[in-house]
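The structure that follows is given in the form of structure tokens.
The values are calculated or read from the model by the stated rules, or taken from the named source; none is laboratory data. For clarity, every value in this text was computed on a predicted model and none was experimentally measured. So basically every Cβ, Gly included, is an ideal-geometry build from the backbone, and we count neighbours across all protein chains shown.
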Amino acid sequence: MTQKDYMNQGEQYILKTYNRFPVVFEKGEGVYLYDVDHKKYLDFGAGIAVFALGYGNQAYNNALKDQIDKLIHTSNLYYNIPAVEAAKKIVEASKMEKVFFTNSGTEAIEGALKVARKYAYNKDNSKDYEFIAMNHSFHGRSQGALSVTGNAHYQDGFVPEQFRAVFAEYNNLEDVVSKITDKTCGIICEVVQGEGGIYPADPEFLEGLRKVCDEKDILLIFDEVQCGMGRCGSMFAHDLYGVKPDVLAVAKALGCGVPVGAFVVNKKADGALVPGDHGTTYGGNPLACAAVNAVFDQFEELKIPEHAREIGSYLFEKLEELKDSYDFITAHRGIALMQGLEFAPEKPVGEIVKKALEKGLILISAGNNVIRFVPPLVIEKEHVDEMIEILKERFE
């Protein structure tokens with residue numbers, strides 16, 4: 001079948017909730033993808049910040065192949081070796097208490113919200129709780145995750161007004177504090193807003209959230225589905241701030257392509273959920289957790305967070321030079337290998353992304369006219385240089 005044949009078949013049989021780009025990828029090697037016509041693409045999207053180890057990491061691939069030959073699924077009615085080992089690694093890396101494995105970042109957020117609600121319920125048996133979330137945030141597409149997603153475009157038609165969180169301005173502690181009431185059971189925020197346009201949290205903001213949550217005895221939830229797992233130059237983005245959440249949601253690079261997420265709780269939140277309160281059929285199965293174990297092993301062996309910090313610094317330098325060279329680039333921000341360039345309205349990002357793809361460069365957008373740079377965490381300086389040259393060509 002030709003590339004066109006595959007696209008036509010996909011349009012015929014796959015529910016159309018995406019406007020996909022006209023390319024069919026067949027394989028990947030290192031930081032490159034290849035379509036069915038063997039065209040080569042430099043990947044600066046990493047499957048939306050997922051494929052941290054790049055394509056074809058043999059240790060990772062072999063771990064999955066070995067696990068497939070042993071055991072793929074048993075359910076959470078029983079223990080399994082990879083899940084126990086992966087849980088230990090996550091807890092030790094996060095310096096928290098317990099972990100629950102999910103199938104996605106959205107499910108990790110759903111579980112985190114349930115922890116906060118149940119923690120509040122255990123205190124006063126009230127059922128009337130609400131969350132404070134941030135404007136322009138993104139936490140997922142299911143009902144609960146949408147209720148705390150600060151973008152009406154995603155909520156309208158799915159989440160009635162009365163079920164939505166109370167929204168405050170990101171990086172505005174005073175605004176958040178002004179909206180806390182006796183009904184508030186949790187505050188949720190991304191440590192670095194991703195879909196909203198690549199906005200890192202201010203240190204004072206996270207420190208203030210921690211302080212007020214302690215004072216009010218409500219839970220602080222950090223969403224690190226995108227910004228966690230080495231992307232910001234440390235294992236978790238909040239490590240850079242020295243501020244710990246009560247509940248941490250992770251996914252994406254946690255499995256590097258195998259669908260797996262997790263929410264992790266600290267000692268305070270441990271015990272909020274008891275047997276029967278939450279569950280999952282597939283979450284934490286042996287195959288998914290074999291992927292998690294392989295990711296942690298490779299992160300340690302290859303020093304992935306340190307590498308992301310080093311190459312991220314080079315990327316920052318090169319993107320700053322690019323911003324200074326073109327008047328239509330209005331802002332540059334981000335941390336390590338999670339960065340964004342904001343463009344003036346007359347330079348639509350969608351067109352830039354489309355032209356870059358034609359030239360063999362994969363980019364993704366975010367927020368209001370922002371190009372998001374979230375490549376595999378194994379990229380080198382030469383890949384940054386290659387990306388910059390292609391971008392310059394597309395600007396002409």
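Are any of the residues in the range 72-90 modelled with pLDDT of 95 or more, under 29 Å from Ala237 (Cβ atoms) and among the acidic types (Asp, Glu)?
The answer is yes; a qualifying residue exists.
To keep it simple, each residue is scored yes or no on (1) surrounded by fewer than 13 Cβ atoms within 10 Å (Cβ to Cβ); (2) within 21 Å of Pro375 (Cβ to Cβ).
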residue	(1), (2)
Gly10	no, no
Arg20	yes, yes
Asn62	yes, no
Asp69	yes, no
Tyr78	yes, no
Ala86	no, no
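What are the residues in the range 49-60 that are surrounded by 15 or more Cβ atoms within 10 Å (Cβ to Cβ) and either touching a helix residue (DSSP H, G or I) at 6+ places or on another chain (Cβ under 9 Å) or modelled with pLDDT under 95 (or both), if any?
Step one: list which residues in the range 49-60 are surrounded by 15 or more Cβ atoms within 10 Å (Cβ to Cβ), which gives 49-55, 57, 60.
Across the range 49-60, the qualifying residues are Ala49, Val50, Phe51, Ala52, Leu53, Gly54, Asn57, Tyr60.
Could you list, in sequence order, the residues of the range 354-388 that are among the polar types (S, T, N, Q) and in a loop (DSSP other than H, G, I, E, B)?
Asn368, Asn369
Sort out which residues of the range 272-290 are touching a helix residue (DSSP H, G or I) at 6+ places or on another chain (Cβ under 9 Å) and either modelled with pLDDT under 95 or within 21 Å of Val225 (Cβ to Cβ) (or both), and write them in order of number.
Matches in the range 272-290: Ala272, Leu273, His278, Thr280, Tyr282, Gly283, Gly284, Asn285, Leu287, Ala288, Cys289, Ala290.
Still on this model: Go through the range 99-114 and report how many residues are surrounded by fewer than 24 Cβ atoms within 10 Å (Cβ to Cβ) and among the β-branched types (Val, Ile, Thr).
Final tally of qualifying residues: 2.
Within the range 324-349, track down each residue that is exposed (fewer than 15 other Cβ atoms within 10 Å of the Cβ) and closer than 23 Å to Cys227 by Cα.
Within the range 324-349, Ala331 is the sole residue that qualifies.
Being over 30 Å from Val84 (Cα atoms), of a type outside the set (A, V, I, L, M) and touching a Pro at 6+ places or on another chain (Cβ under 9 Å) is true for just one of His332, His383. Which residue is that? Talk me through it step by step, then tell me what you get.
Working: His332 fails: touching a Pro at 6+ places or on another chain (Cβ under 9 Å).
Sole residue among the options that is over 30 Å from Val84 (Cα atoms), of a type outside the set (A, V, I, L, M) and touching a Pro at 6+ places or on another chain (Cβ under 9 Å): His383.
Within the range 83-97, take every residue that is out of contact with any Lys or Arg (no Cβ under 9 Å at 6 or more places or on another chain) and touching a residue at least 40 places away in the same chain (Cβ under 8 Å) and give me the one that is nearest to Pro275 (Cα to Cα).
Ala83
May I ask you to verify whether Gly105 is under 23 Å from Val295 (Cα atoms), in the same structural domain as Asp239 (by TED's automatic domain parsing) and in contact (Cβ under 8 Å) with a residue 40 or more places away in the chain? Even if it seems obvious, please write down each step before you answer.
Details: under 23 Å from Val295 (Cα atoms): yes; in the same structural domain as Asp239 (by TED's automatic domain parsing): yes; in contact (Cβ under 8 Å) with a residue 40 or more places away in the chain: yes.
Criteria met by Gly105.
Name the residue that is surrounded by the fewest Cβ atoms within 10 Å (Cβ to Cβ), counting only residues in the range 127-149 that are of a type in the set (Gly, Ala, Ser) and under 16 Å from the mean Cα position of the chain (by Cα).
This residue is Ser142.
Here is a list: Ala366, Ala336, Ala308, Ala294. Which entry is in contact (Cβ under 8 Å) with a residue 12 or more places away in the chain, closer than 30 Å to Phe101 by Cα and in the same structural domain as Thr102 (by TED's automatic domain parsing)?
The match here is Ala294.
Kindly provide the set of residues from the range 238-264 that are among the aliphatic types (A, V, I, L, M) and either over 19 Å from Cys189 (Cβ atoms) or crowded, with 24+ Cβ neighbours inside 10 Å (or both), ordered by number. Lay out the reasoning, then the answer.
Taking the range 238-264 first, the residues among the aliphatic types (A, V, I, L, M) are 240, 243, 247-251, 253-254, 258, 260, 262, 264.
The answer is Val247, Leu248, Ala249, Val250, Ala251, Ala253, Leu254, Val258, Val260, Ala262, Val264.
Would you be able to tell me the number of residues in the range 355-371 that are surrounded by 14 or more Cβ atoms within 10 Å (Cβ to Cβ) and under 23 Å from the mean Cα position of the chain (by Cα)?
Within the range 355-371, residues that are surrounded by 14 or more Cβ atoms within 10 Å (Cβ to Cβ) and under 23 Å from the mean Cα position of the chain (by Cα) number 11.
Right, next: Taking Glu389, is it more than 23 Å from the chain's Cα centre (by Cα) and on the phi < 0 side of the Ramachandran plot?
Yes: the conditions hold for Glu389.
Oh, and also: Go through (1) at pLDDT below 95; (2) crowded, with 18+ Cβ neighbours inside 10 Å one by one and return the number of the condition Asp124 breaks.
With respect to (1) at pLDDT below 95; (2) crowded, with 18+ Cβ neighbours inside 10 Å, Asp124 is out only on (2).
Let me ask you something else. Give the number of residues within the range 210-237 that are in a helix (DSSP H, G or I) and either outside the structural domain of Ala168 (by TED's automatic domain parsing) or surrounded by fewer than 24 Cβ atoms within 10 Å (Cβ to Cβ) (or both).
7
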